[in-house]
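Q: Structure below; questions to follow.
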Amino acid sequence: MRILRARVLGAFLDPDACPHAHPGIAFTGRSNVGKSSLVNRFANQAIARTSKTPGRTRQLVYFELESDRTPPFYLIDLPGYGYAAGPEKERRTFARAARDLLADPDRRAALFQLVDVSVPWQDSDLEMLSWLLEDTVPFALAFTKCDRVNRSAPARKLSELRKLLPWREDVDVIATSSKDNEGIVALRKWAQGTLTAPQGETTIE
Ligand code: GDP
């Protein structure tokens, strides 16, 4: 799938105000995981800010993407679901907006959970993955910054994960590097699979 166009729609918090016309592919992960860099690579345009604006880190940032193989869809930058910082009230409001989004299959098609391959497993990543493993949100685990480690590191990190969590072997794992442009085609292909699969089926060939 090629991305033909990408544009920023804005940052939203109120679930009713979020765009509803298309399904969304959400990207989430801890701050500094390399999400903005990966979103830019995925969209083939520097649409995500790599320098952060305060406040935006607790909103759902929507981009509208057009591709040659799927109907238009949203790329949703979901900053720190489960990791939100800031005042308690804002964190609660954000957590609710994120939960509402993920609970609504019409609004979210799937999610990429980003994990930095070059740092040890963090509790917040494990918490989010535990939740995803038990939930119905189709997701793939994307390791970021793979250029920083040797070739065997993603497999090693995954085998550590299998000891930490009841990992599901049906979940796809994609090794990426925004620096080297690694895994970007695989991310797009996976997203295409979820956007075009019949409801309830996310497997791609
Ligand atoms: P975000 O906070 O998750 O949006 O992360 P950013 O995309 O802003 O990246 C955080 C830091 O990691 C920046 O210093 C980036 O240059 C660096 N970074 C992001 N992606 C990669 C990557 O693929 N390889 C390397 N080596 N560094 C990266």
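The values are calculated or read from the model by the stated rules, or taken from the named source; none is laboratory data. These numbers come from a predicted model, not from an experiment. Every residue, glycine as well, gets a Cβ built from its backbone with ideal geometry; the counts of neighbours run over all protein chains shown. With ligands, DNA and RNA removed, areas are computed over all heavy atoms of the protein, side chains included. Shrake-Rupley method; radii C 1.70, N 1.55, O 1.52, S 1.80 Å.
Q: Report yes if Asp147 is within 13 Å of the ligand (Cβ to nearest atom), surrounded by fewer than 18 Cβ atoms within 10 Å (Cβ to Cβ) and not in a loop (DSSP other than H, G, I, E, B), otherwise no.
A: Yes, satisfied.
Q: So Asp135 passes all but one of these: (1) open to solvent by 20 Å² or more (accessible area, probe 1.4 Å); (2) at pLDDT 95 or above. Which condition number does it fail?
A: (2)
Q: Okay, next question. Spot the failing condition for Leu141; the list is (1) within 14 Å of the ligand (Cβ to nearest atom); (2) open to solvent by less than 10 Å² (accessible area, probe 1.4 Å), and only one is missed.
A: Every listed condition holds for Leu141 apart from (1).
Q: For region 157-178, how many residues are touching a residue at least 40 places away in the same chain (Cβ under 8 Å) and among the charged types (D, E, K, R)?
A: The number of residues fulfilling the criteria is 1.
Q: Something else now. For region 17-39, how many residues are of a type in the set (A, V, I, L, M, F, W, C) and either within 6 Å of the ligand (Cβ to nearest atom) or crowded, with 23+ Cβ neighbours inside 10 Å (or both)?
A: 6
Q: Sticking with this one: When you check Asp100 against the structure, is it away from the ligand (no atom under 16 Å from the Cβ), surrounded by fewer than 22 Cβ atoms within 10 Å (Cβ to Cβ) and over 24 Å from His20 (Cα atoms), yes or no?
A: no
Q: Given the conditions (1) hydrophobic (A, V, I, L, M, F, W, C); (2) open to solvent by less than 10 Å² (accessible area, probe 1.4 Å); (3) in contact with a helix residue (DSSP H, G or I) (Cβ under 6 Å, 6 or more places away or on another chain), which single one is not true for Ala109?
A: Every listed condition holds for Ala109 apart from (2).
Q: In addition: Could you list all residues from region 60-78 that are crowded, with 21+ Cβ neighbours inside 10 Å and not hydroxyl-bearing (Ser, Thr, Tyr)?
A: Listed by number, the residues that qualify are Leu60, Val61, Phe63, Leu65, Phe73, Leu75, Ile76, Asp77, Leu78.
Q: OK, next. Go through (1) within 14 Å of the ligand (Cβ to nearest atom); (2) modelled with pLDDT under 85; (3) not aromatic (Phe, Trp, Tyr) for Arg92 and report which single condition fails.
A: All conditions are met except number (1).
Q: Name every residue in region 87-106 that is assigned to a loop (DSSP other than H, G, I, E, B) and either touching a residue at least 40 places away in the same chain (Cβ under 8 Å) or in contact with a helix residue (DSSP H, G or I) (Cβ under 8 Å, 6 or more places away or on another chain) (or both), in order of residue number.
A: Pro105, Asp106
Q: Failed condition for Glu127, given (1) open to solvent by 40 Å² or more (accessible area, probe 1.4 Å); (2) assigned to a helix (DSSP H, G or I); (3) modelled with pLDDT of 95 or more, with all others met?
A: Unmet for Glu127, out of (1) open to solvent by 40 Å² or more (accessible area, probe 1.4 Å); (2) assigned to a helix (DSSP H, G or I); (3) modelled with pLDDT of 95 or more: (3).
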